[in-house]
1. Which residues, counting only those in the range 429-449, are within 16 Å of the ligand (Cβ to nearest atom) and farther than 13 Å from GLY511 by Cβ?
2. Has the range 348-367 got any residue that is over 20 Å from VAL414 (Cβ atoms), within 16 Å of the ligand (Cβ to nearest atom) and touching a Leu at 6+ places or on another chain (Cβ under 7 Å)?
3. What pairs come up if the first residue lies in the range 248-261 and is part of a loop (DSSP other than H, G, I, E, B), the second is among the polar types (S, T, N, Q), and their beta carbons are under 6 Å apart, counting only those six or more places apart or on different chains?
4. If you check GLY595, GLY611, which single one turns out to be assigned to a helix (DSSP H, G or I) and either within 23 Å of ALA536 (Cα to Cα) or more than 16 Å from the ligand (Cβ to nearest atom) (or both)?
5. Using beta carbons and a limit of 8 Å, which pairs, at least six apart or on different chains, have the first residue in the range 625-641 and hydrophobic (A, V, I, L, M, F, W, C) and the second one at pLDDT 95 or above and near the ligand (Cβ under 8 Å from one of its atoms)?
6. Kindly indicate whether GLN424 is away from the ligand (no atom under 16 Å from the Cβ), closer than 23 Å to VAL352 by Cβ and either within 29 Å of the chain's Cα centre (by Cα) or touching a residue at least 12 places away in the same chain (Cβ under 8 Å) (or both).
7. Just to verify a result, which residue in the range 623-659, among those that are among the β-branched types (Val, Ile, Thr) and surrounded by 24 or more Cβ atoms within 10 Å (Cβ to Cβ), is farthest from the ligand (Cβ to nearest atom)?
8. Which condition breaks for GLY434 when tested against (1) under 21 Å from ASP566 (Cβ atoms); (2) in a strand (DSSP E or B)?
Amino acid sequence: MYSAAAATVAAPPRRDFISVTLSPEEAVGAGGYNNSKAWRRRSCWRKWKQLSRLQRSVILFLFAFLAVCGVVSYTSMGEPWKSLINKSLDDQRTEPGIPGLKLANPAVLPAPQKADANLGDYPELSQQKLPKPPHVRRGPSNLQIKPPRRDVRLKTRHGTSRVVEEPVQADKEDKTEKSVISWRGAVIEPDQSTEPPSSKIKEPEKPSSVEDADQKEPVAINERQMAVIEAFRHAWKGYKDFAWGHDELKPLSKSYSEWFGLGLTLVDALDTMWILGLKEEFEEARKWVANDLVFDKNVDVNLFESTIRILGGLLSTYHLSGDSLFLEKAKEIGNRLMPAFKTPSKIPYSDVNIGRGTAHPPRWTSDSTVAEVTSIQLEFRELSRLSGDEKFQKAVDEVMKHVHTLSGKNDGLVPMFINTNSGQFTHLGVYTLGARADSYYEYLLKQWIQGGKKENELLEDYMRAIEGVKKHLLKRSQPKKLTFVGELAHGHFSAKMDHLVCFLPGTLALGAHNGLTADHMKLAEALIETCYQMYAQVETGLSPEIVHFNLHAQKGHKDVEIKPADRHNLLRPETVESLFYMYRFTGDKKYQDWGWEILQNFNKYTRVPTGGYTSINNVQNPSNPEPRDKMESFFLGETLKYMFLLFSDDIDLINLDKYVFNTEAHPLPIWAPA
Ligand code: DMJ
């Protein structure tokens with residue numbers, strides 16, 4: 001017998017040893033070792049012939065079976081395999097310089113921006129060199145909205161017609177589409193690609209992520225965005241170490257405060273983590289939501305706050321991630337909030353006991369706040385669209401319709417309170433764009449956008465209100481002639497402006513972007529400059545909660561005056577929010593630079609070394625800003641998210657033609673994106 005050892009002697013120098021047993025006859029007949037193809041073919045054929053018929057049939061059957069399996073599995077498993085492979089590649093992709101930070105998407109680098117020279121104001125960052133912008137996709141792969149579609153013909157702005165795909169909506173009522181004449185005479189056409197908001201919603205919609213096929217070239221995150229990620233992780237560290245699962249971090253006392261007992265910071269921050277690409281943090285937070293977010297509790301929650309932060313946060317996270325866990329939780333909290341609407345007037349109570357299913361106004365009054373009852377609509381309407389249950393939308397639409405008809409407005413400006421029994425405004429005569437009224441104006445515009453620009457009453461109320469602002473509340477300060485929005489109390493003008501009002505430039509710019517008059521954009525530009533000055537003119541470079549503007553030039557006086565009771569800073573987002581809109585719509589880099597300054601000042605005066613950021617009591621004292629020992633959930637939910645978006649040059653990172661942000665910075669889909 002010829003052994004394999006003999007065969008290897010004459011084999012080519014490659015070190016692949018094959019053990020082959022040859023019969024002497026084969027070997028001798030071949031004249032020794034012969035590895036030619038023809039010889040091998042003949043030898044196989046001979047072996048095949050030696051097999052019994054049964055053996056041959058079994059082998060043939062096995063071949064046929066394997067071939068069929070191969071074809072079937074290729075067609076049915078191709079996609080899952082592809083995504084699995086992509087996923088595992090994604091998982092391996094970590095952020096240099098940020099251990100554990102995994103970014104979801106690879107990126108193309110669009111000329112990364114240079115960090116400003118004044119990193120010196122931010123000691124921790126100036127000492128350690130910021131990591132180079134990585135080639136990564138930021139955020140999840142599925143940020144674009146593609147609701148279920150059907151083709152319709154749409155007139156473009158230029159009058160030509162093109163085929164667009166329209167989201168499917170169950171409601172087909174009220175097909176009348178009226179144009180609205182804006183205050184300046186501009187004709188605003190309803191968006192013809194959309195259906196009006198539904199009053200009879202039947203079919204639930206899918207998350208925007210599910211239909212996302214627009215996988216365009218990813219964009220790299222830049223150094224400023226990296227600084228935001230770093231800030232977020234620092235804040236998250238404090239929350240995780242000392243307040244995990246509780247509402248708010250108390251970073252100095254290394255403990256927490258409870259408001260509703262619903263993990264407010266965690267839920268508010270979910271979509272920020274998703275957008276920043278913080279996969280690990282997102283996953284651990286998701287686990288908490290799955291296992292520990294329990295709504296069946298005997299606890300009073302504020303309808304507005306829990307709607308914008310919890311319901312809004314869950315809905316947007318559902319859209320971004322496509323994970324149905326968040327929709328189920330959203331439905332549950334939505335249902336548990338519904339008792340609030342059981343009032344004589346249908347104007348909801350401010351407080352709901354989500355465990356008992358009871359609701360009530362505050363102890364001292366039967367009034368609700370106007371902003372609160374008119375700034376829950378984006379979320380409840382979206383919940384109806386997603387769940388197929390019309391009751392949510394019906395309840396909040398009724399509130400808007402009712403408020404639309406109410407008397408007591410002053411050129412579109414609304415009072416701050418509304419009675420839950422009578423349904424009438426109370427405390428008439430006081431008008432502000434600040435606390436208790438602010439987001440009423442914001443949600444007029446945003447609901448109009450959400451619903452496809454068809455709900456004309458909303459637009460009318462918005463346009464009228466902005467005219468009211470111009471007529472009654474706009475003034476210019478001295479010496480810099482800053483345009484600001486004051487307040488009106490029983491005919492008396494007060495030059496007082498809450499930081500909260502700084503949402504307005506962003507909202508005005510959003511309106512202008514959606515076709516409203518160009519002078520809204522002009523006003524936005526003037527107001528954002530003012531909001532920036534509310535930071536820049538203060539010793540710490542951080543805005544106080546409220547400022548008073550000087551109306552008369554006085555030697556040595558700045559435009560901005562601060563009263564002792566107003567000099568706190570709660571890490572609020574409004575100015576950064578407006579900077580984000582302004583940058584998106586103008587591309588003017590100064591807005592990014594202003595935001596960068598603000599981020600550095602947050603880092604300088606509010607960052608707690610052991611983790612977290614804190615509100616401060618005194619923005620005028622850089623040597624002792626008097627930390628308050630509290631990190632509000634909106635710092636993670638809003639402020640840092642808007643910072644990250646402001647520093648991005650990727651307009652598809654939450655595209656403003658596809659998403660509308662709720663008042664807590666949770667992006668919700670526009671029902672029919674442009
Ligand atoms: C947030 O909860 C929301 O932005 C709300 O509209 C106003 N207050 C805080 C942020 O300042």
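1. THR432, LEU433, GLY434, ALA435, ARG436, ALA437, ASP438, SER439, TYR440
2. In the first step, residues of the range 348-367 are kept if they are over 20 Å from VAL414 (Cβ atoms); the result is 351-360, 363-364.
This time we only want the ones that are within 16 Å of the ligand (Cβ to nearest atom), so: none.
So far as the range 348-367 goes, no, none of its residues is over 20 Å from VAL414 (Cβ atoms), within 16 Å of the ligand (Cβ to nearest atom) and touching a Leu at 6+ places or on another chain (Cβ under 7 Å).
3. Note: pairs meeting the criteria are PRO251/THR614.
4. Numbers: GLY611 fails: assigned to a helix (DSSP H, G or I).
Matching residue, one of GLY595, GLY611: GLY595.
5. PHE634/ARG309; PHE634/ARG572; PHE634/PRO573; PHE634/GLU664; PHE634/ALA665; PHE635/PRO573
6. Working: away from the ligand (no atom under 16 Å from the Cβ): yes; closer than 23 Å to VAL352 by Cβ: yes; either within 29 Å of the chain's Cα centre (by Cα) or touching a residue at least 12 places away in the same chain (Cβ under 8 Å) (or both): yes.
Yes; evaluated as a whole, the condition is true for this residue.
7. Within the range 623-659, the match that is farthest from the ligand (Cβ to nearest atom) is ILE654.
8. It fails just one condition, (2).
The values are calculated or read from the model by the stated rules, or taken from the named source; none is laboratory data. Keep in mind that what you see is a predicted model, and the values were worked out from it rather than measured. Positions of Cβ are backbone-derived with ideal geometry, glycine not excepted, and every protein chain shown enters the neighbour counts.
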